[in-house]
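See structure below.
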Amino acid sequence: MSADLQAGPVQTGIAIAASDEPEERADERLGRRRPQRRRRRGPALTPWGWVGQIVRWALLLACSALFLYPFAWLLAASFKPRGEVFDNRLIPQTFQPENYVQVFSELPLFAWLGNSVLIALLAATFVTISSSLVAFGFAYFRFPGRNVLFGVVLATMMLPGAVTLVPQYLIWNQLGFVGTNVPLWGATLFGSAFYIFLQRQFFLSLPRDLFEAARLDGLNAWGQFWRIAFPLSVPSFVIVFLFEFQSSWNNLQAALIYLNAGSPEAYTVPLGIASAMTKYSPATGGQGDYQYVMVAALIVTLPMLILFAFGQRSFIEGIATTGTKG
Amino acid sequence: MSSTTAAPSATAPPKGRRRAKPPRVRMTKLQRREAIAGYLFISPWIIGFLVFTLGAMVYSLVISFSHYQLATDTARPAGLANYQALIEDPKIVTALSNTLYYAVLAVPLEVALALGLAMLLNSVRRGAGFFRTLFYLPKMTPVVATASVFLLLLNGSQGAINRGLGALGIDGPQWLLDPAWIKPSIVLMTLWGVAGTMVIFLAALQNVPRDLYEAAQLDGAGAWRRFWNVTLPLISPAVFFNVLVLTIAAFQVFDQAYLLFHRDTAQGSSDASLFYAIYLFQQAFRQFDFGFAAAMAWLLFVIILLISIVQMKVGNRFVHYESGDPR
């Protein structure tokens, strides 16, 4: 990979005019073109080869059924009346779509969704901008201590979150933000190691000459970032944004620590559903109205599935990039 | 870049004489400006690191040697009292052994299943992308949704999993009640979202040059030998990465255990689900014993660090990096 990295600028030369060139190159770096290149089908299949393929397909279908069953179960359960939630039928015996209306009067789901969307948008936007600034600093400028500092960035990726859990709480407490949602997105203003790493990889794939030429034309460092690097890096921004949106949307522990003591209206969806699980649990005096939990679980999952439908490639490439280059 | 700008002036002294000196001065000035710009760009991270990482770690070390009172925001020095309590608390041993047990069970199963699925996907000629997408859907599902579904699926008497096992003639266990089955039930939930690990393996497998397999086949290597001598060495960096990351994650398992077993503070729950991160959370945010919790966090940090170092030492021996450059 490193050879490819150095070869990049040299090969492209001063092809600044060809504006799609760097983007293409960057795409390549993120593995975007690999699927096509990989489609070497190899030699024609023998009859035994066909049998092998069919067996593999059968295995994959069986695995798919196992992976998808909980979704089907959840969808079915969300339409069932209280007494039938547990019956494991994938087609509800009694079809009760009113659950989807009642859940909003049973639980402050709109407020939770609003909170979660706001927090996830703030976190994803801030972390994308801050991480790309930092990544650009590491990718394009030479300064004393750069490699050591970047090593520290990578090392913080390995740091268990539990270690800083208590002091971070105390810091937010000192600042008076416990009980608000600020701690759920505040730290994203300072970048995040994983995203810094990801975006630095991306910036390094852009031809350096582009920035040299811009500098000779009198563009300052900020201009080089804002007018050249930023517009060219949309693909990596999408990856970072989607990842952070998902992780913020998912975040139960922070909500539990910072919002649990407050009013239920201030909860995020994960915390809200956790509280609903307790509320309806027969063990704690609930009526076992799990159909509402199921509806809420489906509603919290849907945005992620929609996000995945649009950003599928970004998610999978982002994950694959970490693993193969990390 | 600096060498290319300096080169002309060095090779053509008569012509570049007028320019020979100024570039040198300008370079250092430029270099300084470049350095300042670099520092400015990374300054958000530096501030965040100093406050939320390094500062927080130092703060946590200080707190671990004191009795911290949240209400008054005072920290009475405690010496080693928190660490003393840590050693004497039998629940720490329980939490640690539960966590270790979970990690030993979960990590190999995750790696094996992810690698198996990735190899299966890599071996079909059509439809790999489609199945990869399907397998990835659980990974997109918020853990709170996963937990609320599995809470019902794993129900001992009516749950779908035991019904399914019953249809196969197997008498399913009381997943959520029997202490022996609590950890396997969390492993099961984790395995449902194994696609993240699988995608990393798949990317690594796709980078294995096909001609190596053909060469091995010509040499008469069977499927097992091809896997052992070609595939495994070439994807060993991905194996290493996944083991390292999954182990660190396993030692911090929290969400699923909290949602299934520790949501409700009124009810006591079985010691079998008391994981380290759960106990730390309870000590910090239910008992507000921040000193003890900070000491716990440092113990966890040291344990994870030691395990990571051992894994890296072992990894260095077995991981094969192509082209000699690890990154």
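Where a number appears in this text, it was derived from the coordinates with a stated rule and is not lab data. Everything numeric here is computed off the predicted structure, so don't read it as measured data. We place every Cβ from the backbone using ideal geometry, glycine too, and count neighbours over all the protein chains shown.
Put in order of Cβ neighbour count within 10 Å, fewest first, the listed residues A:GLU244, B:GLU34 become B:GLU34, A:GLU244.
With neighbour counts taken as other beta-carbon atoms within 10 Å, the residues B:ASP255, B:ASP271, A:ASP289 rank, fewest first, as B:ASP271, A:ASP289, B:ASP255.
What order do you get for A:185-194, A:62-71 when each peptide is scored by the mean count of other beta carbon atoms within 10 Å, highest first? Walk me through the numbers on the way to the answer.
Numbers: A:185-194: 22.5, A:62-71: 15.8.
My ranking of the peptides, most packed first, is A:185-194, A:62-71.
Going from the fewest other Cβ atoms within 10 Å to the most, the residues A:ILE54, A:ILE319 appear in the order A:ILE54, A:ILE319.
Per-residue ellipticity at 222 nm computed for the protein assembly as shown from its helices equals -22000 deg cm²/dmol, with DSSP H segments shorter than 4 residues left out and the rest contributing -39,500 (n - 2.57).
Name the shape class, rounded, prolate or oblate, that the alpha-carbon gyration tensor gives for chain B, where a ≥ b ≥ c are the square roots of its eigenvalues, rounded holds for a/c under 1.5, and otherwise prolate holds if a/b is larger than b/c and oblate otherwise. Could you put the intermediate results ahead of the total?
On the way: a/c = 2.60, a/b = 1.25, b/c = 2.08.
The shape class here is oblate.
As a length-normalised measure over Cα pairs under 8 Å and 6 or more apart, the relative contact order of chain B settles at 24 percent.
Loop-located trypsin sites (Lys or Arg not before Pro) in segment B:86-137 (DSSP state other than H, G, I, E, B) with a sparse environment of at most 16 neighbouring Cβ atoms within 10 Å: B:ARG125, B:ARG126. The overall shape of the protein assembly as shown is oblate: from the C-alpha gyration tensor, with semi-axes ordered a ≥ b ≥ c, the ratio a/c is 1.5 or greater and a/b is no larger than b/c.
Once you have a ≥ b ≥ c as the square roots of the Cα gyration tensor eigenvalues for segment A:244-326, tell me rounded if a/c is under 1.5, and otherwise prolate or oblate according to whether a/b is larger than b/c. Prolate, because a/c is 1.5 or more and a/b exceeds b/c.
Among the trypsin sites (Lys or Arg not before Pro) within segment A:212-281, which fall in a DSSP loop and have no more than 12 other Cβ atoms within 10 Å of their own Cβ?
Details: sites: A:ARG215, A:ARG227, A:LYS279; in loops: none.
Here no loop site has a sparse enough neighbourhood.
For chain B, modelled as a GNM whose springs connect Cα atoms under 10 angstrom apart, the maximal fluctuation among B:THR28, B:THR53, B:THR146 occurs at B:THR28.
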